[in-house]
Every structure is written in structure tokens, then in C-alpha cells.
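Read through the structure below, which is laid out as C-alpha cells, and then see the notes.
The values are calculated or read from the model by the stated rules, or taken from the named source; none is laboratory data. Just so it is clear, the model here is predicted, and its values are computed rather than measured. Cβ placement follows ideal geometry from the backbone for every residue including glycine, while neighbour counts extend to all protein chains displayed. When the accessible area is computed, the model is the full protein with side chains, heavy atoms only, and any ligands, DNA or RNA have been set aside. Shrake-Rupley method; radii C 1.70, N 1.55, O 1.52, S 1.80 Å.
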Amino acid sequence: QVQLLESGGGLVQPGGSLRLSCAASGRTFNSYAVGWFRQAPGKEREFIGTITGSGGSTYYADSVKGRFTISRDNAKNTVYLQMNSLKPEDTAVYYCAAKSATVRIPSRRYEFDYWGQGTQVTVSS
């Protein structure tokens, strides 16, 4: 079992940067792949990217490649989402999710076993 808690959301101007954190409980956190999703009002939850348990591999959706970066510090049981060059359309609730690591890198909502409650990111001037 693992419990997840997102933090770091807030209001940022277009073109700005923000770093979100996903703090996890559990002694086997390094065995879990962690993904990030976002959901804007009235829209489907959208996949952002995934990082493997070791942090050795990442996989991103095309919409955020070159702007968003996922990293992790397993000693701190934390995964990060660095967001740069933010746009108003990035406004959403951002969620992290965990899946016991497998050969396949999870990217679909139903593939993840554990979810945080989300943190709001608003990009506006």
C-alpha cells in the first residue's frame, strides 16, 4: 500500500514555472512507477507523464514534451513535476498516481492503483 499527497500548486503567470511534489508513504516506494495526470473543469483526466521506480526512464505525453519534467528522490519518497513555460491551458487539478512497477510503463488511468487528492494549478495574468 502507498498513500500519495500532492503539493506545490498555486497561481502562476503565463510563461512562468512551478514545481509540484508528490509525497508518498510506504517502505517500497522505489518499486512503484509514478504518473502525473491533470483534469480541467469539464474535461477528461489527461495523462502527463510517468517515471519508473528507479527514476531511470520517463515517458511524456506529446502535449508537454519539452516543457514538463518528472524526477524523483526515493530517499525522500517524493516525485516531482517541474513545469516551465506555463500556458493558461495548463490550468487544471494535477494528480499523481502510483503503480507497482512492471516492464510496461503505465500511462492510462486504469493502470494505476493509488491516487492523490490533487493540487490546483492556475495559470493566469
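Modelled spin-label separation between Arg104 and Asp73, with each label point placed 7 Å from Cα along the Cα-to-Cβ direction: 3.3 nm. Residues whose amide H falls under 5 Å from that of Gly118, counting only those 5 or more places apart or on a different chain, are Glu6, Cys96, with hydrogens built in the peptide plane. About the centre of its Cα atoms, the chain shows a dipole size close to 160 debye [charges on the beta carbon of Lys, Arg (+1) and Asp, Glu (-1) only; nearest 20 debye].
Ordered from highest to lowest accessible area with the whole protein assembly present and a 1.4 Å probe, Thr122, Thr50 read as Thr122, Thr50.
Amide H contacts for Asp113 (H built 1.01 Å from N in the peptide plane; partners 5 or more residues away or on another chain; cut-off under 5 Å): Ala98, Lys99, Ser100. Under 5 Å from the amide H of Gly49 lie the amide H atoms of Trp36, Ala61, each residue being 5 or more positions distant or on a separate chain, with H modelled from the backbone and absent for Pro and chain starts.
Along the range 79-89 the Karplus relation, 6.51 cos²θ - 1.76 cosθ + 1.60 evaluated at θ = phi - 60°, assigns HN-Hα couplings of 10, 10, 10, 8, 10, 10, 6, 5, 10, x, 6 Hz to successive residues, with x for each Gly and Pro.
Ignoring ligands, DNA and RNA, what percent of the 1.4 Å accessible area of the chain is carbon and sulfur? The nonpolar share, carbon plus sulfur, comes to 46 percent.
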